[in-house]
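K.L.:
Quick one: this structure, given as structure tokens, is what I'll be asking you about.
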Amino acid sequence: MPADVQPYPSPVEIHDPEDAKDWLRRGIRSTRAERSGRRREQAAEALADVLETIPEVRYARCAAVYVARESEPGTLPILDRMAARGVRVLLPVLGSGLQRDWAEYVGPEDLQQRSPGRPPEPGGPGLGPEALADADVIIVPALAVDTSGARLGQGGGWYDRALEHARDGVLVIALTFPEEVYEAGTRPLPHESHDRHVDAVATPDGWQRLRRRDAA
């Protein structure tokens, strides 16, 4: 990816991993905010097409996904396609104090935005954090991913903790825009010991399995 479209801090600006993460978050969020609604809708449909080529997605009986915020790569098309195939879809529910929970997706009309800035959530009963163990594939949000599997999230560590309940060997796929995939050899993303790596990244242009640092 051309360097001029990838925010990346200089060594002077990296004081510690969290400083570098915050710097990157600001740059990536600014770029995302420039996308028009039409471009986001087109990207969401293209992303659904890409996800359906991934065997773990295509054959999943139960999948954990999420409802994207406005600036994120859209997920409603893949949610509806999965539901139409009879896939049981789990969506995250954010409780007080970043409490982790999951509930089933039953359609867009059921989604509720419980407070400003939070993604829409299903209105059904919570299933508990352990429900993630039912998922055959897990699709997670990301601001950026590098080719070693390092993931830059929104901050707060919700998914780092939630993924502790995933079954061993289940594919974890992060969704980004194409320019948010970084080459780990030249532009590694900052990471800390508690950060959970992902196994693959999907964008509207395609997907790839990743070389995970924590599997080396």
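K.L.:
Condition first: charged (D, E, K, R) and touching a Pro at 6+ places or on another chain (Cβ under 8 Å). Can you find one or more residues in segment 74-91 that meet it?
P.N.:
Yes: one or more hits.
K.L.:
So which residues in segment 23-50 are of a type in the set (D, E, K, R), loosely packed, with under 13 Cβ neighbours inside 10 Å and outside any helix (DSSP H, G or I), if there are any at all?
P.N.:
Answer for segment 23-50, where residues must be of a type in the set (D, E, K, R), loosely packed, with under 13 Cβ neighbours inside 10 Å and outside any helix (DSSP H, G or I): just Glu34.
K.L.:
Which residue pairs have Cβ atoms closer than 6 Å, lie 6 or more positions apart in sequence or on different chains, and pair a first residue in segment 119-136 that is free of Cβ contacts under 8 Å to residues at least 40 places away in the same chain with a second residue that is loosely packed, with under 15 Cβ neighbours inside 10 Å and assigned to a loop (DSSP other than H, G, I, E, B)?
P.N.:
Ala133/Arg167
K.L.:
Taking the options Asp110, Asp146, name whichever one is charged (D, E, K, R) and within 16 Å of the chain's Cα centre (by Cα).
P.N.:
Testing whether each residue is charged (D, E, K, R) and within 16 Å of the chain's Cα centre (by Cα) leaves just Asp146.
K.L.:
Right, next: Take the residues in segment 103-116 that are touching a residue at least 24 places away in the same chain (Cβ under 8 Å) and within 15 Å of Tyr66 (Cβ to Cβ); name whichever of them is surrounded by the fewest Cβ atoms within 10 Å (Cβ to Cβ).
P.N.:
Applying the filter and picking the extreme gives Pro108.
K.L.:
List pairs: first residue in segment 179-191 and over 16 Å from Asp19 (Cβ atoms), second residue polar (S, T, N, Q) and crowded, with 19+ Cβ neighbours inside 10 Å anywhere in the structure, Cβ distance under 8 angstrom, at least six positions apart or on different chains.
P.N.:
These pairs meet every condition: Glu180/Thr203; Val181/Thr147; Val181/Thr203; Tyr182/Thr147; Glu183/Thr147; Ala184/Thr147; Ala184/Ser148; Gly185/Thr147.
K.L.:
Give Thr53, Thr75 a once-over and let me know the one that is of a type in the set (Val, Ile, Thr), touching a residue at least 12 places away in the same chain (Cβ under 8 Å) and surrounded by fewer than 21 Cβ atoms within 10 Å (Cβ to Cβ).
P.N.:
Thr53
K.L.:
Residue by residue through segment 117-129, note down the ones that are surrounded by fewer than 17 Cβ atoms within 10 Å (Cβ to Cβ) and either farther than 20 Å from Ser71 by Cβ or among the aromatic types (Phe, Trp, Tyr) (or both).
P.N.:
Result: Gly123, Gly124, Pro125, Gly126, Leu127, Gly128.
K.L.:
In addition: Within segment 122-152, track down each residue that is closer than 15 Å to Ala200 by Cα, in a loop (DSSP other than H, G, I, E, B) and not hydroxyl-bearing (Ser, Thr, Tyr).
P.N.:
Within segment 122-152, Asp136, Ala142, Leu143, Gly149, Ala150 qualify.
K.L.:
I need the full set of residues from segment 148-161 which are surrounded by 18 or more Cβ atoms within 10 Å (Cβ to Cβ) and out of contact with any His (no Cβ under 8 Å at 6 or more places or on another chain), in order please.
P.N.:
Of everything in segment 148-161, those that are surrounded by 18 or more Cβ atoms within 10 Å (Cβ to Cβ) and out of contact with any His (no Cβ under 8 Å at 6 or more places or on another chain) turn out to be Leu152, Gly153, Tyr159.
K.L.:
Next question, about the same structure. Quick one: is Leu91 part of a helix (DSSP H, G or I) and either in contact (Cβ under 8 Å) with a residue 60 or more places away in the chain or under 30 Å from Pro188 (Cα atoms) (or both)?
P.N.:
no
K.L.:
Select from segment 130-147 the residues that are surrounded by 21 or more Cβ atoms within 10 Å (Cβ to Cβ) and not aliphatic (A, V, I, L, M) and list them in ascending order.
P.N.:
Once the filter is applied, which keeps residues that are surrounded by 21 or more Cβ atoms within 10 Å (Cβ to Cβ) and not aliphatic (A, V, I, L, M), segment 130-147 yields Pro141, Asp146.
Coordinate-derived values only; no laboratory data. A quick note: this is a predicted structure, and the numbers were derived from the prediction, not measured. Reconstructed Cβ throughout: ideal geometry from the backbone, glycine too, with neighbour counts over all protein chains shown.
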